[in-house]
Amino acid sequence: MKYLATLCLIISFFSIATEDKVKAVKLDDTALCYPSAYSPNTSFMKAYLEPIKDQLDSSEGQELIYIPAQAIKAKVPEYTISHINKHGVDFEHKLTGLAYAKSQIGNPQGMAESAWNIYSERESVYVEKDPMLPFTRVYAYHKPLFMWHLVKYPPMKKTDQSLPNDWYIGSCSESAGSFSCRQVTEYKSVHYEYELQAHDMHLRKEVNDAVKGLLSEWNLKCSDYL
């Protein structure tokens with residue numbers, strides 16, 4: 001799960017199927033029947049995940065799914081279809097992520113808790129205001145790096161308070177001059193982690209609702225296939 005952000009770099013290698021074809025999967029007790037075009041060849045996925053398989057809870061109970069930007073924009077009109085990155089590439093804002101069976105997830109609040117308790121867990125910490133968003137960046141290092149926690153306000157150096165429900169925004173990483181943050185949408189027994197571009201972070205709640213709506217639609221669609 002630590003390397004979810006790098007999945008965005010391989011989108012251009014996917015072999016896209018037509019959207020009228022459906023792929024049926026089951027994650028714990030929730031079935032999803034979604035366009036096969038939203039998922040790469042399973043053998044490709046297995047090969048890609050092989051180098052990091054020891055960091056995953058299981059080689060089963062997970063599906064690599066990406067959702068086209070247009071599918072999100074159809075539900076969230078303000079959503080950004082794409083942006084031109086520093087290499088001059090028109091980068092589509094697909095939601096690239098892994099759908100897990102909830103039984104495969106250890107502690108879903110692990111990243112948030114690490115950020116909240118970072119001063120007690122790390123010797124070096126660097127905190128700065130995000131230059132684009134009204135949030136704070138927290139680095140587990142003594143200077144800014146290409147990965148950070150995005151939170152609503154700086155963590156306290158000493159605290160006996162529990163993690164606030166809405167404090168943690170996401171784990172972020174920078175690539176080609178822009179950044180994205182990992183978001184999570186849960187539906188029944190499905191835990192879907194995806195990358196949301198910084199351009200649309202202000203729409204994260206609306207995007208979450210849109211993704212949940214799609215998962216619900218895919219679940220209902222399975223009555224025609226399973």
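No value in this document is a laboratory result; all are computed from the given coordinates. Just so it is clear, the model here is predicted, and its values are computed rather than measured. Cβ placement follows ideal geometry from the backbone for every residue including glycine, while neighbour counts extend to all protein chains displayed.
Name the aspartates and glutamates eligible as straight-distance cross-link partners of LYS26: C-alpha to C-alpha under 13 Å, and not fewer than 8 places from it in the same chain.
GLU60, GLU63
Per residue Cα convex hull volume for region 145-226, in cubic angstrom? List each step's numbers first, then the result.
On the way: hull volume 10.6 nm³, N = 82.
Taking only Cα atoms, region 145-226 has a hull volume of 129 Å³ per residue.
Modelling each spin label as a point 7 Å along the Cα-to-Cβ direction, I'd like the TRP167/ALA74 distance in nm, to one decimal.
Modelled inter-label distance: 4.0 nm.
Take the alpha carbon gyration tensor of region 58-188, find the square roots of its eigenvalues, order them as a ≥ b ≥ c, and report rounded if a/c is under 1.5; if not, report prolate when a/b exceeds b/c, else oblate. Don't skip to the answer; put the middle values down first.
Numbers: a/c = 1.97, a/b = 1.29, b/c = 1.53.
Oblate shape, in that a/c is at least 1.5 and b/c is the bigger or equal ratio.
Take LYS21 and SER175, extend 7 Å from each Cα along the Cα→Cβ direction, and tell me the distance between the two endpoints in nm.
Output for this residue pair reads 2.5 nm.
Which of the residue pairs LYS23/LYS212; LYS21/LYS75; LYS143/LYS205; LYS21/LYS212 have a Cα-Cα distance greater than 24 Å in the structure shown? Provide the component values of the computation, followed by the final result.
Details: LYS23/LYS212 18 Å; LYS21/LYS75 22 Å; LYS143/LYS205 30 Å; LYS21/LYS212 21 Å.
Over 24 Å Cα-Cα: LYS143/LYS205.
Once the Cα gyration tensor of region 72-149 is found, what semi-axes does its equivalent ellipsoid get, as square roots of 5 times the eigenvalues, in whole Å, sorted largest first?
29, 21, 12
Let's test the formula: R0 of 45 Å, r as the Cβ-Cβ distance of LEU145 and LEU220. What FRET efficiency results, to the nearest 0.05? List each step's numbers first, then the result.
Working: r = 43 Å, r/R0 = 0.95.
The calculated FRET efficiency here is 0.60.
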